[in-house]
1. Please list Thr105, Thr159 in order of solvent-accessible area, largest first, computed with a 1.4 Å probe with all protein chains present.
2. At 1.4 Å probe size, put Lys363, Lys368, Lys67, Lys130 in order of accessible surface, largest to smallest.
3. Please calculate the 1.4 Å probe accessible area of Ile338, with all protein chains present, and give it to the nearest 10 Å².
4. Given the C-alpha atoms of the range 322-433, compute the convex hull and give its volume per residue in Å³.
5. Quick one: 3J(HN,Hα) in Hz for the range 143-152, Karplus 6.51/-1.76/1.60 with θ = phi - 60°, rounded, Gly and Pro as x.
6. Measure off, as a whole percent, the carbon and sulfur share of the 1.4 Å-probe accessible area of the range 123-184, all protein chains present.
7. Pull up all non-local amide H partners of Phe373: gap of 5 or more, or a different chain, and H-to-H distance under 5 Å with H placed in the peptide plane.
8. Could you state the accessible area per residue of the range 351-423 in Å², with a 1.4 Å probe and every protein chain left in place?
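The values are calculated or read from the model by the stated rules, or taken from the named source; none is laboratory data. Note that the coordinates shown come from a computational prediction; the quantities given were computed from them, not determined experimentally. Heavy atoms of the whole protein, side chains included, go into the accessibility calculation; ligands, DNA and RNA do not. Shrake-Rupley method; radii C 1.70, N 1.55, O 1.52, S 1.80 Å.
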Amino acid sequence: VGGATNGEAVVAGGVASAATADAPAPHESAPAPVPALQVIVLGSGGGPLENNVTAFLVRSLSSGWAKSSVVAVDAGVHLSAIANILEQTQPSDLGAPDGPSLPHTLTSGPFAGLEVPHTRADANAAHIHKNLIETYLITHPHLDHIAGFIINTAGLPGTRPKRVAGLPSTISALKTHIFNNVIWPNLSDENNGAGLVTYTRLVEGGSPAFGEGEGKGYLEICDGLSVKIWGVSHGHCIERHSHRGSTSTRQGSVDASTMGPGASSSAQSMRSPSRNTPHHISAPANLGTFLQQQQDRIRDSRRGSSFSCPPAPDESVCVYDSSAYFVRDVTSGREVLIFGDVEPDSVSLSPRNLQVWQEAAPKIAAGKLTGIFIECSYDDSQSVDRLFGHLTPRFIYEEMTVLAEEVVAARRTLEEDRARSVSSHASGTGTGKKRKRLSHDGILTKRRSTPQPTEPRADAPISPRTLNPDRRVHSAASPLSDHDLYIHDLPKTASLPLPTHPPRSA
C-alpha cells in the first residue's frame with residue numbers, strides 16, 4: 001500500500017501529484033482530463049511523532065486561491081505543517097533587495113499559484129489559515145485528528161468564525177469535552193461562548209433538502225466545494241455503559257429506561273443541543289436559588305450525569321463513530337472520498353463500510369469519483385484483537401474487493417441503461433426517460449447502490465444509516481473479544497488507486 005507523503009499535492013481527475021504535473025499521459029491518444037480537485041497532505045500518521053498526524057487540505061481548482069476556498073479535512077497537525085511546506089517551497093531571498101518582491105506568487109510546491117504577502121514562511125502560513133481556510137471537516141474527535149484545529153482557534157482570529165462540521169456525535173464531543181472552559185475555553189458561538197467557532201451538524205447520508213440532480217444531498221461548504229458524510233465504525237471499548245456512538249441513530253439518544261433511577265436527567269443532558277431547546281446559562285435571582293442549583297447539580301452527579309454514564313443493565317458494547325467524506329467539486333462534479341480511522345466490516349460489531357462502497361461504486365463507474373484516501377495503521381502481522389479499530393493491508397484488500405464487486409455491478413447497470421436508451425431512440429418509442437428495473441416477477445426493485453436500513457427506527461434521521469449491511473466479507477480471523485481494551489494507536493493514511501475489476505485470487 002503506497003502511503004501519501006506529507007506536503008504532497010494530490011490532484012484528482014488529472015495528474016497523480018504535483019511532482020508529475022508535466023509528465024505525459026499514460027495513453028497519448030487519450031488526453032488527460034482537466035484536474036478538478038487538489039488534496040494537500042499535511043499529515044498522514046497517528047503518532048508517536050505529533051508533527052505527523054492526520055490532516056488534509058482540499059480545494060476546487062476552479063476557485064483558484066480565493067478567500068475561504070480551502071477546506072481542512074481533519075487537523076491533527078495544521079499551522080506548523082503549512083509553515084514547513086512554505087519554508088521548503090518559497091524563495092529563500094523573498095523580500096530581499098536582490099530577491100523577489102512582495103507580494104509574490106509562488107511557482108512551486110502544493111501552494112503554487114498562491115500570492116503570499118510576507119517574507120517569513122510562518123507569517124504566510126498564518127495568512128493561509130486566516131484567509132483561505134474557513135471550514136474544518138472532522139471525521140471523529142480523537143486528538144490526532146483535532147489537535148491542530150483546537151490549538152489554532154485561540155490565535156489568529158479573522159473577521160469570521162471558523163466552522164467545524166461533522167456528525168452530531170463529533171460536534172457533541174467537541175462541545176462537551178473540548179470547548180467546555182476546562183480543557184479549552186468555550187470559543188464557540190453556543191452557551192455564551194466567544195464566538196470564534198461555529199458548529200455545523202451534518203446529516204448522515206446527506207440531506208435531501210440540499211442540492212439537485214447528481215449533487216442532491218450535498219451541502220456546499222465553500223465556494224466550489226460540497227460534501228456528503230457517512231458514518232463508519234472505529235473499534236469498540238471494554239467499558240460497559242448504555243450505548244453511545246454508532247449503535248444510536250442520533251448522538252446522545254440514550255435509552256433512559258435502561259439506566260436506572262435518576263438517569264433521565266443524564267439522558268436529557270446528553271442529547272444533541274441542536275435537537276432540544278437551547279439552554280442558555282443565566283445568573284440566579286438570589287443566593288438561595290444559587291445554592292439550591294448547586295445542591296441539585298451535586299445530587300445529579302451522584303445519581304448519574306453525562307460525564308459519568310451509569311452502566312446499563314444490558315451492558316451493551318460501545319462502538320466508536322468515525323466518518324468518511326465525499327468531497328465534490330461543484331463545477332465538474334468530480335469527487336474524492338476521504339476516510340477517517342476505520343475498521344474492516346468483517347470484524348466490526350457494527351459494519352458500515354458497505355454503505356460507503358455502495359455510494360461510491362456508481363460514481364466510479366461514471367468516472368466521477370477519482371480518488372480514495374483510506375488509512376492503513378499496521379502491517380499484516382498485527383492480530384485481529386489488536387487492531388483497535390484500524391486497517392491492515394489484508395483488510396484493505398478485502399474492502400477493495402467488496403468495492404470492486406459493487407463497481408462491476410454499477411457498470412453493468414450503467415451499460416444496460418445506455419443500451420435500453422439507444423434501443424428506445426432507434427425504435428422511435430423512447431421518451432428520454434430511463435426505465436425502472438423490474439425483477440423476474442415484475443416487481444419494482446431498487447439499485448444495489450442504494451443502501452437500505454435493516455431495522456427502521458422511530459428516531460431515525462432523514463437519511464438513515466445502514467447499521468447491519470446485508471452482505472459482509474467474512475474473514476478467517478476471529479472477531480474481537482469483549483475484553484479487548486480500546487486503545488487508539490498509530491493510524492496512517494494511504495492513497496489507493498481505484499479498482500477497475502475485482503482483484504484476482506492469490
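1. Numbers: Thr105 65, Thr159 125 Å².
Sorted by accessible area, descending: Thr159, Thr105.
2. On the way: Lys363 30, Lys368 60, Lys67 110, Lys130 85 Å².
From most exposed to least exposed: Lys67, Lys130, Lys368, Lys363.
3. Surface open to solvent at Ile338 totals about 0 Å².
4. Numbers: hull volume 12.6 nm³, N = 112.
Given the Cα convex hull of the range 322-433, per-residue volume reads 113 Å³.
5. 4, 6, 10, 10, 4, x, 5, 4, 4, 8
6. Details: 1310 of 2090 Å².
On the range 123-184, the fraction of accessible area on carbon and sulfur atoms equals 62 percent.
7. When sequence neighbours closer than 5 places are left aside, the close amide H contacts are Leu337, Ile338, Phe339.
8. Details: 2540 Å² over 73 residues.
Per-residue accessible area for the range 351-423 comes out at 35 Å².
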